[in-house]
Structure formats: C-alpha cells, structure tokens
1. Does segment 43-66 contain any residue that is assigned to a loop (DSSP other than H, G, I, E, B), at negative phi and within 16 Å of ligand 1 (Cβ to nearest atom)?
2. If residue 37 meets every condition in (1) closer than 19 Å to residue 361 by Cα; (2) surrounded by fewer than 17 Cβ atoms within 10 Å (Cβ to Cβ) apart from one, which number is that one?
3. Just to confirm my filter: which helices (runs of 4 or more DSSP H) fall fully inside segment 298-395 and include at least 1 residues that are within 24 Å of residue 266 (Cβ to Cβ) and away from ligand 2 (no atom under 16 Å from the Cβ)?
4. Checking residue 83 against (1) under 25 Å from the mean Cα position of the chain (by Cα); (2) more than 16 Å from ligand 1 (Cβ to nearest atom); (3) not in a helix (DSSP H, G or I), which single condition isn't satisfied?
5. Right, residue 225: modelled with pLDDT of 95 or more, farther than 15 Å from residue 315 by Cα and buried (at least 24 other Cβ atoms within 10 Å of the Cβ) or not?
6. Could you count how many residues in segment 260-278 are in contact with a strand residue (DSSP E or B) (Cβ under 8 Å, 6 or more places away or on another chain) and under 16 Å from residue 249 (Cα atoms)?
7. Exactly one condition in (1) touching a helix residue (DSSP H, G or I) at 6+ places or on another chain (Cβ under 7 Å); (2) surrounded by 24 or more Cβ atoms within 10 Å (Cβ to Cβ); (3) at pLDDT below 95 is false for residue 186; which is it?
8. Could you grab me the full set of residues in segment 2-22 that are buried (at least 20 other Cβ atoms within 10 Å of the Cβ) and over 15 Å from residue 314 (Cα atoms)?
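The values are calculated or read from the model by the stated rules, or taken from the named source; none is laboratory data. Quantities reported herein were computed from a predicted structural model and do not represent experimental measurements. Positions of Cβ are generated from backbone atoms using ideal geometry, with glycine treated the same way; all protein chains shown enter the neighbour counts.
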Ligand SMILES: *Cc1c(COP(=O)(O)O)cnc(C)c1O
Ligand SMILES: [Zn+2]
C-alpha cells in the first residue's frame, strides 16, 4: 500500500501508518476520524485518464490504484459502481435546466450508494483475515455490508434501529446476517455496535469510525468526472446524514484536482431533512454541533449525531460547499417528480438531494444553464411505505368496462 502516505487525524493532525491503527485516532478517541492521504505522484504513474480509456473493468475497481487496498488483494464478486449518469430530457424541461444529470445509485447490487463503501470495507476485512464483521446502520449500510459479506463467505452481525424499513430488514435476513434490532435510535445502535465489536473482535464497518469507507464512497465522484469526460460539473447535490457520502464526494474531486485530471472544483451542496439537520445548523451558525432528536420520513438520513461532522464541516469550509434543508413534503414531491419525469425511483433519502436542487433553483442558488449532478443515493423499493405517502392508492374497481370509464372520468383526482 505504498500509495498511502499516512492516515491523518482530523482533530489533532497526528499521522499514522496504515498498519499502526485500525479505526480512529488513539489520542482523540472516536471523534478522531482518520483521513487517508495519498502519494499522488506515485498514483499518476499507475493510472491516468488514458489508461482508464483502455480499461474494460466498469466497476469501482477501475480506480484501484486510487483506493486504500493492496494491489494484489482479490476483489469481491458483486458488481459495484459505474452506475448510469442520465441526462433525463423531461426532467430537464420540467425544471428548466439543460444540463441536469442524475446519478442513479439505486443500481448498485443492494440498491444504494453504500455498496461502494462496503466493497472497500470487505477487502480491508479480508486483508486482515477477519471472519466476522459488524456494523450499525439506519438500514442501507447494513444491507450492503451483509450482502458484501455473504458474497465472500464472511459472517455479519448487524445493529439497526428496530424501526428500520422492512425491505432493508428483509435484505439483511436473506443475506444471512445476524440482526440486533435495537430498541432505540440509530445513534444508540451505533454506540452499541462499537462496544460489541471490541468485545467480540468483529471487523467494524461503522461509518466515519472506519477510515476506509469514505474512500469507497469517493468513487461516485470519480465516475461522475469520468462520465463527463473529465469536466467537473458546476454543482453536485448530495443527501446528508452522517456526512460520509458528502466527504466522499469532496475527497473524490480533491483527488482528481490533485492529479490534475480536472481543472476546477465543483460546488458541492449537502442536503439534510429539516427534522434531522444538525450538520446544516452547525455549518450555518458556525457553532459546534448540537445533537438533535431526528424526525423525518427519510430514514437513511435520520441522524441526530452525525459521525463524520468534523471532516464534513472542514470540507465544506475548505471547498466552499453549501448546506441546505428540505421538508418531508418537499422530499415526497421530489420523489414524484423524479419518477414521473425520468422513470427513476428513489427512496426518500435518495431524493432529498433532488428536493434540494428544486429549492435551490427557486432561491436562485443554482442557475438554469449550469451543469448540475444530483446523486440519487438509494432505490425507492427499499421503503415503499414512505413512497406510498407520496401518492394515492385508488379503490379497487369492478371487472367491467363501464367501471373503467367511470374511473377515467375521476382519474385527474388521482394524480
Ligand atoms: C446513508 C445514506 C445517505 C447519507 O449518507 P451519509 O454518509 O450518512 O451522510 C443518503 N442516502 C441514502 C440512500 C443513504 O443510504
Ligand atoms: Zn487525533
């Protein structure tokens, strides 16, 4: 792993070598998130836009020299990444844009962006010779971790709030995970998981806590840039809970700028649900963060204690990013607009980003001629009970043509 220069603590700045520490900074404890620093000169000798052009591997592993894994580490079998970057014509027309792109992360193997992080995490677990792995999650990190573990024969132990959507629980059970549905919040499940992992020696994928996951998540930014022929977009909208995807997006574009593959940094806009917006508040008021009791339909971003807050707030400052919030109603409206104008079905957290774009456009934060990428971070089938709140289910009809005719007369009211 000579491509890694150091793991650097975001709090005290102390640097470690990758073999020296496993998770967070020993001096600072769980808040001392470690960031992976690379030797870009070395990496440039191993990979370039030109070499990528010849590379037939259309998955996150096309960027292996830019990831924190050993060159000879085997790659897990599930296909992760290289998700479509659409420019939906009708959505562009509806919202008045001409270069609005949708990155459909629901197309990953367990149907969310989390698969990018889990794939890298599983390689790290295998490099260590771990047989048992764990994580705490609102649902998507868990299902992706359990799926990735199953694909290579590792045993997974998963902590979720008992309120996690049933589809995500079903995924976990089908992947053979041992689940602990915790009578409490995600934030409590997170802390319990860390205790259990140190007690039982399970390899831990907890977001932010494990330094390598942001590296997996950054591949979404690498792909966006490559899919746009190494031209950075003007703006990128990202849904935010713990802030790891957000930092991953910053990290991906920062890598590309350091390598000289793009020539400017896009503006990154993080979107939180109004009822779960501690990062937004800390950013806006420039104050230390305060935990909240999260209340939102968007379960994947229903986070009261954002674990990656220090790094995320630093990144927003360094790269002049923005934060904003959207209401649950705006999220449901974005879900309908996306589905109807593009055929892409996102879960509530997955479309909070789009709700952010729609609001930002009304407020003049984004201009209609700008190139904008909206990351749709998870698939709508993961939480249909929320999706059904965005629509109205009609009453059943008699199996006769006359009842179809009658129904059609009323149909406008079912929009
Ligand atoms: C996890 C998740 C997010 C938020 O990611 P963070 O790294 O926690 O900010 C957004 N959308 C979906 C669908 C997710 O699963
Ligand atoms: Zn430290």
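1. Keep residues of segment 43-66 that are assigned to a loop (DSSP other than H, G, I, E, B), which gives 47-48, 54-59.
Subset that is at negative phi: 47-48, 54-59.
Among the residues that remain, those that are also within 16 Å of ligand 1 (Cβ to nearest atom) are: none.
Within segment 43-66, not a single residue is assigned to a loop (DSSP other than H, G, I, E, B), at negative phi and within 16 Å of ligand 1 (Cβ to nearest atom).
2. (1)
3. Details: elements: 309-318, 328-342, 348-362, 384-387.
In segment 298-395, the matching helices (runs of 4 or more DSSP H) lie at 309-318, 328-342, 348-362.
4. So the condition that residue 83 fails would be (2).
5. no
6. 7
7. Of (1) touching a helix residue (DSSP H, G or I) at 6+ places or on another chain (Cβ under 7 Å); (2) surrounded by 24 or more Cβ atoms within 10 Å (Cβ to Cβ); (3) at pLDDT below 95, only one is false for residue 186: (1).
8. Within segment 2-22, 3, 7 meet the criteria.
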